[in-house]
Amino acid sequence: MPMIALTVNGAAAQLDAAPGRRLSEALRDGLGLTGTKVGCDAGDCGACTVLLDGEPVCACLTPVIRAEGAEVTTVEGLGAPMARLKTAFLRHGAAQCGICTPGMLIAAAALLSRPGTPDRSEVEAALGGVLCRCTGYAKIIDAVLDAAGSTPQTEAPAAPVSGAAVGARIERLDGAPKVEGTEIYGADYAPRGALWVRAIRSPHFAARFSFGDLDAFAAETGLQVFTAADIPGQNIYGTIPPFADQPALGVDVVRMRGEAVALVAGDKPAVEALDPDSFPVTWHSAPELLDTPAARAPDAPRLHEARQDNILIAGLVHHGDPAAGFAAAAHVAEGEAETPYVEHAYIEPEAGAAWLDGDTLVIQACTQAPVMDRDDTARILGLPPERVRIIPSATGGGFGSKLDLSVQPLIGLVVLKTGQPARMTYSRRESMTSTTKRHPARMRARIAADAGGRLTAMEFDGDFNTGAYASWGPTVAVRVPVHASGPYSIPHYHAEARAVHTNGPVSGAFRGFGVPQAAILQETLFDELALKSGLDRLAFRRLNALPEGGTSVCGQELHGVGIGPCLDALKPRWDAALAEAAAFNAAHQGRKRGVGVASCWYGCGNTALPNPSTIRLGLTPQGRLMLHQGATDIGQGSNTVITQICADALGLPVDAFELVGPDTALTLDCGKTSASRQTVVTGNAALLAGRALRARILALTNMGEGARIALAPGAVTVTDGTQTRRIDLAELAADARGYALAVEETYDPPTETLDENGQGIPYAVYGYGAHLAEVEVDLALGTVRVHRLTAAHDLGRVINPLLAEGQIEGGVAQGLGLALMEEYIPGRTENLHDYLIPTVGDMPRIDTLLIETPDPEGPFGAKGLGEHALIPTAPAILNAIRDACGARVTKLPALPHRVLAAMREAG
């Protein structure tokens, strides 16, 4: 094969590659430049953007022959001229998970290399070919404008001094590798001699299958083949052990499209060249149930024999006397809503590598739950958990889906059977076909108020399509009835939710665990009830907002309740937006503007279940301060926030800490990254650990609580007034891990099991928020443009404003997608071309208002944020659409044809 000569990052290079090979593969596999990310192999996501003779191109669509004699620049080659751009990305918090960051930086570098100073519209145009699922794009745009000199350059804040980390707007501690292109994601690590692994998956939603001559196939192709018969342990897994029902590899029957039934392993070219239709498997398709009405029909076949009516589980909350509440009402609003499957659409498909270290199976892969991965993988492979080590790679977006197993047991099986390392990366289609989605929901509700507009009663009922296997279906079914009330005082309440099996994709965790779906119905009915009551829609919500010390529908007395302050913070913009919309509408006939508002609340952590996190903090004899924390940072900023909390608890600056983990061999269990739990739960464990180590140091030096602690080489110094004392760490007996001083602390939120009526204490801490959406509707086309969104969120105590703003902006983007464009249709929208997510051009101006109503149970009063940042967005947009044109859209997303139909129905 002739060598292809080119220049890469300023140096001469030669590639031993076929002329038609993708440039992205040649750069990554041939030159080790893994900063060029691959998210789709179709030119849809832009993560692989590189410069070819100074112009941005998608490397996944560029044959390597096009680069012959040309100059290629990857993110690793953005040198001194673009240092300001990288610095601006860090300063503005423009990199969250970081998987899109190389593509964004390259696209921005191409723009900044041209003459002139770009404005916002030019920046948006330059970035338009690169998708981001985390940030909402706002901070990326701000960073590029800053680097271009289009806005006054923002100075990086000085590192906070001891005791001032909480509340500081510091850059994320793990940000540098993301902008340098050196971060290691699941597909970036290649053990020497690794076999490439690929799954054979069902093309049917329901089928029986049988294998042909696998030995002959292996002999003919040179590939190794593995089936369920090769699994040495229990071929079943699930995120909630009592409901575990999903096989790692199917046996005789498949219940969903994309279900894996076999693996092939071998050299990468041979594995990639395999036509799956040539694999010796015979399919016998069966009748399929794809929605909940079909699955609950009296004659519907059961997907799982023990689950009657295809109901996995039902959740219920009953409070007061709803019949009496409705009887006493002056106004009632009732209706239905239907939401679709929603794809997580993270830019990084599932990927990882595995190898043996002695008799320990080591797996490095993208994940949100390393300890859960370890335990399930060990069970499947018949190993004790201590013989499985999970090292989370950087995770290029998760949003809940990467709580479930993906590649881990599959590559682990190949390693155990062959003794060779193994790698696996899902294709974009494979990822979107086989992984979890947001639950589609069919919901009904009615809500009542008295003559003064105070709520008297509410009933809610919903079927949530949990797909073929359980995953997080039980969590959704239990969480939804608790939250379907919204953050309001409702004296009489009854809510039920069911997780229903179908042959659709598995529905799992997706930012909100079913609460966004319920809020869409509840908040749109609230608008109707407000209008019937003759009240301003925001005032109606404020009238009924939960007060401090109020009681939830679970009978829980609540403290640190911040929904009222959130609504109050929106009031000035609400009044102005209504006036501006009225003026616009008076001057325009074909387009109308509307304003909508919606609220949310969200319980942080598991629902009425144990939920512990454990932190280890140690000082080495050399004076190094090591923070062992097992929480996976998937872009939300937990590495930084947890360190800030621990720093102030201990009394040392953030830059004194060295982070260890997450790694199941090196860190203790900090639980899964989900349910807005890490700031509250792991943050509290870090708070306790910091205080415990501080107490040890003060006791050893006999100094008072107000003393100042400082680190020196091999020592700790403690100063109290004019006295300074020193601990020589080398003189202390080191523990088994080599620490001169160390502490371990665990925090488990004080929750209470719910009774048969759902009464109890499901969560120790709640977060609150409210969004105000301003939209413009084209009355002829039915198109909707959101031109401004104001988001007020109560964080209790803002640990890091920069990261909090980024979470809210990213949540708004996902909520906008849920409202207006995102609809996963099984078998049809299995790529990022047919499945649409918001681009930089779809995003409105976002104003964030950070509210602080401290929670007595949160670390320094803090609450979680990540999950509920998106909950109010979609209902606020829907309410704004109705305000603009009278259309009440009840089936999401609000695509133009649905808006037009709703307008016709409204008259």
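For the stretch 612-647, a residue qualifies if it is closer than 18 Å to Leu668 by Cα and either without any contact (Cβ under 8 Å) to a residue 40 or more places away in the chain or assigned to a strand (DSSP E or B) (or both), and the qualifying residues are Ser613, Thr614, Ile615, Arg616, Leu617, Gly618, Leu619, Leu625, Met626, Leu627, His628. Put simply, of Ala884, Ala902, Ala862 the only residue that is at pLDDT 95 or above, in the same structural domain as Gly514 (by TED's automatic domain parsing), surrounded by 24 or more Cβ atoms within 10 Å (Cβ to Cβ) and out of contact with any strand residue (DSSP E or B) (no Cβ under 8 Å at 6 or more places or on another chain) is Ala862.
Answer with yes or no whether Val718 is of a type outside the set (Asp, Glu) and either part of a strand (DSSP E or B) or not assigned by TED's automatic domain parsing to the domain that holds Ala894 (or both). Give the derivation first.
Values: of a type outside the set (Asp, Glu): yes; either part of a strand (DSSP E or B) or not assigned by TED's automatic domain parsing to the domain that holds Ala894 (or both): yes.
Here the answer is yes, as Val718 does meet what is asked.
Could you run through the stretch 523-561 and say how many residues are more than 24 Å from the chain's Cα centre (by Cα) and within 25 Å of Ala880 (Cα to Cα)?
Here is the first cut: in the stretch 523-561, the ones more than 24 Å from the chain's Cα centre (by Cα) are 524-561.
Checking the rest, the ones that are also within 25 Å of Ala880 (Cα to Cα) come to 524-546.
Of the residues in the stretch 523-561, 23 are more than 24 Å from the chain's Cα centre (by Cα) and within 25 Å of Ala880 (Cα to Cα).
Just one residue in the set Cys100, Cys48 is at pLDDT 95 or above and outside the structural domain of Leu127 (by TED's automatic domain parsing); that residue is Cys48.
Within the stretch 628-649, the set of residues being touching a helix residue (DSSP H, G or I) at 6+ places or on another chain (Cβ under 6 Å) and under 11 Å from Ala685 (Cβ atoms) comprises Gln629, Ala631, Ile642, Ile645, Cys646, Ala649. Here Val38, Val75, Val57, Val8 are screened, and the one residue that is over 30 Å from Glu809 (Cα atoms), among the hydrophobic types (A, V, I, L, M, F, W, C) and modelled with pLDDT of 95 or more is Val8. Does Ala26 count as modelled with pLDDT of 95 or more, in contact with a Leu (Cβ under 6 Å, 6 or more places away or on another chain) and not charged (D, E, K, R)? Here the answer is yes, as Ala26 does meet what is asked.
For the stretch 492-515, the count of residues that are surrounded by fewer than 24 Cβ atoms within 10 Å (Cβ to Cβ), within 24 Å of the chain's Cα centre (by Cα) and in a helix (DSSP H, G or I) is zero.
Among the criteria (1) surrounded by fewer than 20 Cβ atoms within 10 Å (Cβ to Cβ); (2) closer than 30 Å to Gly98 by Cβ; (3) of a type in the set (Gly, Ala, Ser), the one Gly382 does not fulfil is (2). Any residue that is on the phi < 0 side of the Ramachandran plot, part of a helix (DSSP H, G or I) and of a type in the set (A, V, I, L, M, F, W, C) - is there at least one of those in the stretch 658-669? No, the conditions are met nowhere in the stretch 658-669.
Among the conditions (1) over 30 Å from the mean Cα position of the chain (by Cα); (2) assigned by TED's automatic domain parsing to the domain that holds Gly815, Cys566 misses just one, which is (1). Only one of the listed residues (Asp778, Asp834, Asp794) is in the same structural domain as Ala518 (by TED's automatic domain parsing), out of contact with any Gly (no Cβ under 8 Å at 6 or more places or on another chain) and modelled with pLDDT of 95 or more. That residue is Asp834. Scanning the stretch 385-425 for residues that are of a type in the set (Gly, Ala, Ser) and under 30 Å from Cys100 (Cβ atoms) gives Ser393, Ala394, Gly396, Gly397, Gly398, Gly400, Ser401, Ser406, Gly412, Ala422. Beta carbons closer than 7 Å, at least 6 apart along the sequence or on distinct chains, pair a first residue in the stretch 676-695 that is part of a helix (DSSP H, G or I) with a second that is at pLDDT below 95 for Val681/Asn611.
Against the conditions (1) in contact (Cβ under 8 Å) with a residue 60 or more places away in the chain; (2) among the hydrophobic types (A, V, I, L, M, F, W, C); (3) surrounded by fewer than 22 Cβ atoms within 10 Å (Cβ to Cβ), Leu892 satisfies every one except (3). Among the residues of the stretch 386-400, just one is in a loop (DSSP other than H, G, I, E, B) and touching a helix residue (DSSP H, G or I) at 6+ places or on another chain (Cβ under 7 Å), namely Thr395.
Give the residues of the stretch 630-646 that are within 25 Å of Gly186 (Cα to Cα) and over 19 Å from the mean Cα position of the chain (by Cα), sorted by residue number. Explain how you work it out, then say what you get.
So the first thing to find is which residues in the stretch 630-646 are within 25 Å of Gly186 (Cα to Cα), and the list is 630-643.
Within the stretch 630-646, Thr643 is the sole residue that qualifies.
Those residues that are in contact with a Ser or Thr (Cβ under 8 Å, 6 or more places away or on another chain), within 17 Å of Arg172 (Cα to Cα) and among the small types (Gly, Ala, Ser), I need them from the stretch 631-676; list them, please. Ala631, Gly635, Ser638, Ala647, Gly661 - these are the residues of the stretch 631-676 that are in contact with a Ser or Thr (Cβ under 8 Å, 6 or more places away or on another chain), within 17 Å of Arg172 (Cα to Cα) and among the small types (Gly, Ala, Ser).
The values are calculated or read from the model by the stated rules, or taken from the named source; none is laboratory data. No experiment lies behind these values; they were computed from the predicted model shown. Cβ atoms come from the backbone with ideal geometry, glycine included; neighbour counts cover every protein chain shown.
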